[in-house]
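Dropping a structure here in structure tokens format, bear with me for questions.
The values are calculated or read from the model by the stated rules, or taken from the named source; none is laboratory data. Please read all numbers here as calculations on a predicted model, not as lab measurements. All Cβ positions, even for glycine, are placed from backbone atoms using ideal geometry, and neighbour counts span all protein chains on display.
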Amino acid sequence: MIDALAGPGAGEADALTASDLLALARDRKTAEDRAAADLLEIAARWADLHPPETIHTAAAFEVRGSEHEEPIAGDGCPLVAEFCVAELGTVLGISTTAAKKLIGHALELRHRFPRLWVQVHTGRVPAWRARLVAETTIHSTPSLTREAAAHVDAQVAAVAGRIGAAQLDRLVAETIKRFDLAAPDPAADPVDGYLSVDPRHVTLHDDDVHFAGTMRWEAELGIADSLDLDHVLKHKAAEQKALGSTESLDVRRAKALGDLARTQTAVDLAFARGGGGFEARSARTSTTEGTDLPAARQVVLHVHVDASMAGDQTVFGPTGRMEQRSKLLLLEQVKSWCGDSRTKVTVKPVVDLNADLSAPGYDIPDRIRDQVILRDQTCVFPWCTRPARRCDLDHVIPFDHRAETEGRPQPGPTTTRNLAALCRHHHRLKTHTVWRYAMTANGVLEWTSPTATATAATTPAPPRSNRSTGLTRA
């Protein structure tokens, strides 16, 4: 049957009956589940081979908007060396973050959910469902102790893993209450003390960009803040309607929220000296001297559009690309942004991505920095998607600061073909481990892993034209 399906149109393939196809589908699904379970086992064993030297070199998750890190697995799981993760991810064709999740899930299941771990390897529970449980318990707030995790394991295993996300969240919440993991706060909730866990958050789901050029926000605010915000949005939406807007209420409320954000960046809130309150001052005259608050700043969007010359006129193409998440934009959307009275538009000069630019010293001038960022677009480590504008620029062949004084030629010059965008994690990986990479062509990098696998990971240059122009929205 395998050979028959491998060759479309073969006579033998046409002879497959409905029963044959169903049996084949069942076999393939069983094989897929088996492979996923094996991959969890491999990830756990890979972690066993790479313990960290100290707790400071252990792999962890960075928490966006927070000053702390989260472990990749819960209490009772072994720590894993930070830099071993990238090699596993490269072989699997996934990002370092995804590989970190895979290892964390494997350790969480093997050490804290032994019943569920056995069920995965006996085929009773698919790996994806067990990983859903692990992802929830690893990042629960507050963290589950070993005893609490064992309780969740027993409850989930009893139903052979058949539990949805909502049921799992309720089970974790009940476990937190059962094991008294959160100190009760009578003032917050005298009956259910576990509810004193602060659920407030504001999250931007920037991985999910709608084709209309929107992103989804999720927030949980205090009651007073929620009512105040709702009142302001309702008022601003009514103002827009009174001024002639024919858009729907939802759209007007969304625009009002954006207006609030843009208006707020014009104000710097600082603690009043000698008092307990706040004072608002103009961002043009205020400073943050004597405070811990950063100055208000503008939001910048980098939009690139194709353009050509028709006589003396510049003709723009119908579409463009926003650097943030490589979002495809319509020119009409860009025009609407530029029409906002509070929008400052800067047209950047055309950058030839194939030109070989150079600088005499170690520092990278802006003209070369912009060229490399536009060429690489993301961190050049295999499967990493961190935008290049948020990365370090690394000298592929290290710059020798003593070469000039010792009369030797510079082995690692500051040139286009010796610079690459690396996110901070992969920059540290290249600096502190035996991972090595070389540029085989302009923008094409070949990486060599610590185990020097036969197929070295290669980052091909993405499809691009040799010129790019930019619109900067501030």
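Any chance the range 150-169 includes a residue that's within 30 Å of Pro382 (Cβ to Cβ) and in a helix (DSSP H, G or I)?
No - not one qualifying residue is present in the range 150-169.
OK, next. Suppose we filter Leu328, Leu393 for residues that are modelled with pLDDT of 80 or more and part of a strand (DSSP E or B); which single one remains?
Leu393
A further question on this structure: Give me the pairs, please: first residue somewhere in the range 335-352 and within 15 Å of Leu374 (Cα to Cα), second residue anywhere and at pLDDT 70 or above and of a type in the set (A, V, I, L, M), beta-carbon distance under 8 Å, and either six or more positions apart or on two chains.
Close Cβ pairs satisfying both conditions: Val351/Leu374.
Quick one: would you say Gly65 is under 17 Å from the mean Cα position of the chain (by Cα), at pLDDT below 95 and under 23 Å from Trp435 (Cα atoms)?
No; evaluated as a whole, the condition is false for this residue.
Table: residues versus (1) modelled with pLDDT of 70 or more; (2) closer than 27 Å to Val334 by Cα; (3) surrounded by 11 or more Cβ atoms within 10 Å (Cβ to Cβ).
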position	(1), (2), (3)
Ala242	yes, yes, no
Ala254	yes, yes, yes
Ala261	yes, yes, no
Thr265	no, yes, yes
Gly290	no, no, no
Ala296	no, yes, yes
Val299	no, yes, no
Asp306	yes, yes, yes
Phe316	yes, yes, yes
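Does Ala35 meet the test of being surrounded by 14 or more Cβ atoms within 10 Å (Cβ to Cβ), modelled with pLDDT of 95 or more and of a type outside the set (S, T, N, Q)?
Details: surrounded by 14 or more Cβ atoms within 10 Å (Cβ to Cβ): no; modelled with pLDDT of 95 or more: yes; of a type outside the set (S, T, N, Q): yes.
In short, no.
Right, something else. Taking Ala44 as the residue in question, decide whether it is part of a helix (DSSP H, G or I) and either modelled with pLDDT under 95 or more than 23 Å from Ala149 (Cα to Cα) (or both).
In short, no.
Confirm whether Gly76 is touching a helix residue (DSSP H, G or I) at 6+ places or on another chain (Cβ under 8 Å) and buried (at least 18 other Cβ atoms within 10 Å of the Cβ).
Here the answer is no, as Gly76 does not meet what is asked.
Same structure again: May I ask you to list pairs of residues, at least six apart or on different chains, whose Cβ atoms are under 8 Å apart, with the first in the range 40-55 being within 14 Å of Phe83 (Cα to Cα) and the second being buried (at least 19 other Cβ atoms within 10 Å of the Cβ) and among the charged types (D, E, K, R)?
Pro52/Glu82
I've got another one for you. Here is a list: Pro462, Pro382, Pro398. Which entry is loosely packed, with under 14 Cβ neighbours inside 10 Å, assigned by TED's automatic domain parsing to the domain that holds Thr314, modelled with pLDDT of 90 or more and of a type outside the set (D, E, K, R)?
Pro398
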